[in-house]
1. Considering only the range A:155-191, state which residues are charged (D, E, K, R) and touching a residue at least 40 places away in the same chain (Cβ under 8 Å).
2. What pairs come out if I take residues in the range B:22-34 that are within 18 Å of B:LEU68 (Cα to Cα) and pair them with residues that are among the aliphatic types (A, V, I, L, M) and part of a loop (DSSP other than H, G, I, E, B) whose C-beta lies under 8 Å away, six or more apart or interchain?
3. If A:HIS60 satisfies every condition in (1) facing chain B (nearest Cβ under 8 Å); (2) modelled with pLDDT under 95 but one, which is the exception?
4. Only one of (1) of a type in the set (Lys, Arg); (2) assigned by the TED database to the domain that holds B:SER174; (3) farther than 20 Å from B:GLU168 by Cα fails for B:LYS26. Which number is that?
5. Scan the range B:75-91 residue by residue and report those that are free of Cβ contacts under 8 Å to residues at least 24 places away in the same chain, assigned to a helix (DSSP H, G or I) and either more than 13 Å from chain A (Cβ to nearest Cβ) or in contact with a Pro (Cβ under 7 Å, 6 or more places away or on another chain) (or both).
6. Which of the numbered conditions does B:SER149 fail, given that it passes all the others? Conditions: (1) farther than 24 Å from B:GLU34 by Cβ; (2) within 14 Å of another protein chain (Cβ to nearest Cβ); (3) small (Gly, Ala, Ser).
7. When you scan the range B:92-122, how many residues do you find that are among the small types (Gly, Ala, Ser), within 14 Å of chain A (Cβ to nearest Cβ) and touching a residue at least 40 places away in the same chain (Cβ under 8 Å)?
8. Given B:ILE54, B:ILE69, which one is in a helix (DSSP H, G or I) and under 16 Å from the mean Cα position of the chain (by Cα)?
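The values are calculated or read from the model by the stated rules, or taken from the named source; none is laboratory data. Please read all numbers here as calculations on a predicted model, not as lab measurements. Cβ atoms come from the backbone with ideal geometry, glycine included; neighbour counts cover every protein chain shown.
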Amino acid sequence: MGEEVKVFGYWASPYSYRAELALKLKGVSYEYINEDIFGNKSDLLLKYNPVHKKVPVLLHNGKPIVESVVILEYIEETWKHNLYLPQDPYDKATARFWIKFIDEKCFPTLWLAAWSPENEREKVTNEACEYMKTLESALNGKKFFGGETIGMVDIVASSVGYFIRVTQEIMGLNLLSADKFPQLFQWSEDFANCSIVKESLPPRDKLLPFVKGLIAKYQQDNAKA
Amino acid sequence: MAEEVVLLDFWPSLFGMRSRIALAEKGIKYEYKEEDLRNKSALLLQMNPVHKKIPVLIHNGKPVCESLIQVQYIDEVWHDKAPLLPSDPYQKATVRFWADYIDKKIYDLGSRVWKTKGEEQATAKKEFIESLKLIEKELGDKPYFGGESFGYVDVAFIPFYSWFYAYEKCGNFSIEAECPKLIAWAKRCMQKESVAKSLPDQQKVYDFILQMKKHFGIE
């Protein structure tokens with residue numbers, strides 16, 4: 001069957017990463033196009049995502065799908081093997097709840113905690129810790145959020161488990177520590193050690209200087225505002 | 001099997017309205033429980049410990065939180081009547097995109113229209129109208145966002161119609177003048193019993209907003 005699958009992404013984007021990991025989990029071949037999102041977005045990107053003009057964009061047989069979580073749901077429904085969402089409607093609703101929680105609360109607050117100015121950092125950090133405690137409770141003794149294998153919540157939580165961990169290293173913060181959040185910390189180790197995850201994550205030595213530069217930019221912009 | 005469905009809600013909530021409409025579309029009998037948000041019930045705090053917010057859908061004792069998650073859940077459980085989401089994955093992705101747009105852009109901008117004043121409000125108003133025009137373009141000439149039948153995006157967006165009068169009075173503009181097709185669509189939706197009985201009166205909503213403004217010290 002002639003399937004044409006393309007991903008317009010950015011190598012360091014945690015959102016873009018989700019789309020790629022999902023396709024890899026399904027064993028779907030795709031062409032990856034790296035967009036210069038900080039410089040010059042391509043005409044194709046602007047054509048396929050006119051509303052938000054962002055990555056990732058999944059192009060399947062010429063039709064664009066945008067917004068990382070919408071993309072994940074689409075991939076699940078199109079390639080119906082190696083399923084990463086539960087079949088039961090209640091369990092599915094629960095997974096969707098945690099995904100929303102990560103994207104609306106956990107991830108943004110953790111990112112904010114990384115670059116906030118000193119005087120605001122404590123408050124944001126406390127909030128982030130509360131969210132992480134709550135997220136940890138969702139693990140509930142399981143190896144992954146999806147149970148024995150990686151599920152959609154794990155894919156989305158990679159933003160916290162990998163990208164935020166790298167960010168914290170740069171800032172000398174220790175929010176996602178083994179003693180404060182043992183289950184969540186263990187989860188992030190197990191997740192990053194999965195072969196399919198390991199081979200697809202952006203390399204740490206490349207990501208570190210990139211995130212450092214990004215944080216500096218955020219701090220600069222915030223100081224000006 | 002005796003199904004027990006309870007909805008913890010608050011009458012002007014745009015989000016609660018979505019679940020009311022979805023349940024009505026499916027003809028599901030449920031118990032509606034009005035919450036006093038200044039004095040949240042023990043049940044609410046138990047059923048939504050993470051956010052402590054309404055709406056909460058409780059199905060046979062198990063809670064489902066977040067309105068769009070509830071609408072999808074309702075559609076999946078009671079799948080043999082009045083389907084709300086399309087079955088095709090690409091069409092499903094499209095409706096999820098627009099529901100997400102409504103929550104990320106339209107809701108926030110609308111909030112800023114009634115919560116702010118002066119230049120901040122002027123900017124919010126301009127962006128709000130732009131976002132309405134964009135979604136009006138998506139509607140096109142279709143009777144509903146779902147095409148011939150009322151669907152997921154219609155459910156996600158029609159509650160805002162009950163707040164239009166409040167936005168207009170606070171921002172001093174006419175949504176009908178800016179987006180006539182959207183108003184025509186809204187009136188068409190209001191012909192449906194599931195919508196008409198789920199949306200509060202626009203004047204009532206405006207009075208509520210005025211109270212909120214006083215409470216927050218925004219005049």
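1. Pass one, the range A:155-191, residues charged (D, E, K, R): A:165, A:169, A:179-180, A:189-190.
Passing the criteria: A:LYS180, A:ASP190.
2. Filtered contacts from the range B:22-34: B:ALA22/B:LEU84; B:GLU25/B:ALA82; B:GLU25/B:LEU84; B:LYS26/B:ALA82.
3. Evaluating A:HIS60 over (1) facing chain B (nearest Cβ under 8 Å); (2) modelled with pLDDT under 95 leaves (2) as the failure.
4. All conditions pass for B:LYS26, except number (2).
5. Correct list: B:GLU76, B:VAL77.
6. It fails just one condition, (2).
7. As a first pass, look at the range B:92-122 and keep what is among the small types (Gly, Ala, Ser): B:93, B:99, B:110-111, B:118, B:122.
Going one step further and asking which of them are within 14 Å of chain A (Cβ to nearest Cβ), we end up with B:93, B:99.
Still in the running and touching a residue at least 40 places away in the same chain (Cβ under 8 Å): B:99.
Final tally of qualifying residues: 1.
8. Working: B:ILE54 fails: in a helix (DSSP H, G or I).
Exactly one of B:ILE54, B:ILE69 is in a helix (DSSP H, G or I) and under 16 Å from the mean Cα position of the chain (by Cα), namely B:ILE69.
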